[in-house]
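Read the figures in this text as sums done on the coordinates, not as results from a lab. This structure is a prediction, so every number in the text was calculated from the model and none was measured. We place every Cβ from the backbone using ideal geometry, glycine too, and count neighbours over all the protein chains shown.
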Amino acid sequence: MAMKLKDLNKYLDKLGGKVVNRASAKAINRALTTARKEATKIVRERYKLKSGDIKKLLYIEKAKANNKIVFDFGGRLKIKDKPIGLEKYGARHKRVKTGRGLRRGVTVNITGLRELVQGGFMAKGKVWKRKGPSRLSIKRLFGPSAAQVLEHKPTLKRLRKLGEARYREEFSRELAYQLQRRSGGR
């Protein structure tokens with residue numbers, strides 16, 4: 001379709017902004033879904049977490065086609081900066097040798113290498129450690145959050161570049177579909 005930009009603008013003005021808004025909102029939502037998938041992949045490259053645990057921290061505010069305001073759709077990919085409990089990093093009991101003989105310890109696999117948690121123990125499916133000499137002074141242990149990986153500028157740049165490429169691809173596809181639909185063809 002060899003159409004000049006002026007001709008395209010005139011054609012779109014005749015149809016109204018509704019078609020463009022709808023196409024843009026749908027393209028943004030698809031681009032955000034792709035960005036979330038890529039963000040999950042990036043976090044999993046660094047940390048040994050299940051993708052479902054990461055996806056619970058990443059959520060999409062979907063873009064909506066608003067007929068009154070052009071190009072303000074509100075689609076965003078947000079991440080909760082919430083610490084992730086060590087139990088999500090594959091914590092398990094292990095017998096460890098100490099100066100006082102064999103004891104039970106906890107090991108976790110955060111970055112691909114299983115490590116012993118000094119003084120850690122598991123109770124109710126969570127990893128804990130004593131704070132002081134008292135038996136009841138315990139604190140829950142957490143690993144790094146997914147936001148720590150995604151805050152790095154190269155990572156953000158990679159996600160933005162991927163999202164923009166996906167948006168351009170989906171926008172052209174969705175706009176063609178919406179225009180075909182409006183013209184009555186299937």
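Taking region 108-186, how many lysine pairs are there with alpha carbons less than 19 Å apart, if each pair must be eight or more places apart or span two chains? Each step should come with its number before you reach the end.
Values: Lys124/Lys139; Lys126/Lys139; Lys129/Lys139; Lys131/Lys139; Lys153/Lys161.
Within region 108-186, the lysine pair count is 5.
Take the Cβ atoms of Lys139 and Val96, set R0 to 22 Å, and the FRET efficiency comes out at 0.60. Across Ser51, Ser134, Ser145, mean-square fluctuation computed from a Gaussian network of the chain (C-alpha pairs under 10 Å connected) peaks at Ser134.
Based on Cβ point charges of +1 for Lys and Arg and -1 for Asp and Glu, what charge dipole magnitude is obtained for region 86-143 about its Cα centre, in debye rounded to the nearest 20?
Values: 17 positive and 2 negative charges, 54 e Å.
Its charge dipole is roughly 260 debye.
Using alpha carbons only, the radius of gyration of the chain set against its Kirkwood radius gives Rg/Rh = 1.23.
Pairs of alpha-carbon atoms within less than 8 angstrom and 6+ residues apart define the contacts here; what relative contact order does region 86-143 have, in percent? The value is 27 percent. Multiplying the residue separation of Ala123 and Arg160 by 0.36 nm and subtracting their alpha-carbon distance yields 9.2 nm.
Multiplying the residue separation of Thr33 and His152 by 0.36 nm and removing their Cα-Cα distance gives an extension gain of 40.8 nm. Using a/c under 1.5 as the rounded threshold, could you call region 86-143 rounded, prolate or oblate? The axes a ≥ b ≥ c are square roots of the C-alpha gyration tensor eigenvalues, and prolate needs a/b larger than b/c, oblate otherwise. Cα axes put region 86-143 in the oblate bin.
Relative to the dominant Cα principal axis of the chain, helix 153-182 is inclined by about 40°. Taking every alpha-carbon pair under 8 Å whose residues sit at least 6 apart, the chain reaches a relative contact order of 25 percent.
For the listed peptides 162-172, 33-43, 116-126, a ranking on the average number of other beta carbons within 10 Å per residue, highest first, reads 33-43, 162-172, 116-126. Seen against the Cα atoms of the chain and their longest principal axis, helix 5-15 is set at about 90 degrees.
Give the calculated FRET efficiency between Arg173 and Thr111 to the nearest 0.05, with a Förster radius of 41 Å applied to their Cβ-Cβ distance. Can you show the working numbers first?
Details: r = 39 Å, r/R0 = 0.95.
Here the calculated transfer efficiency is 0.55.
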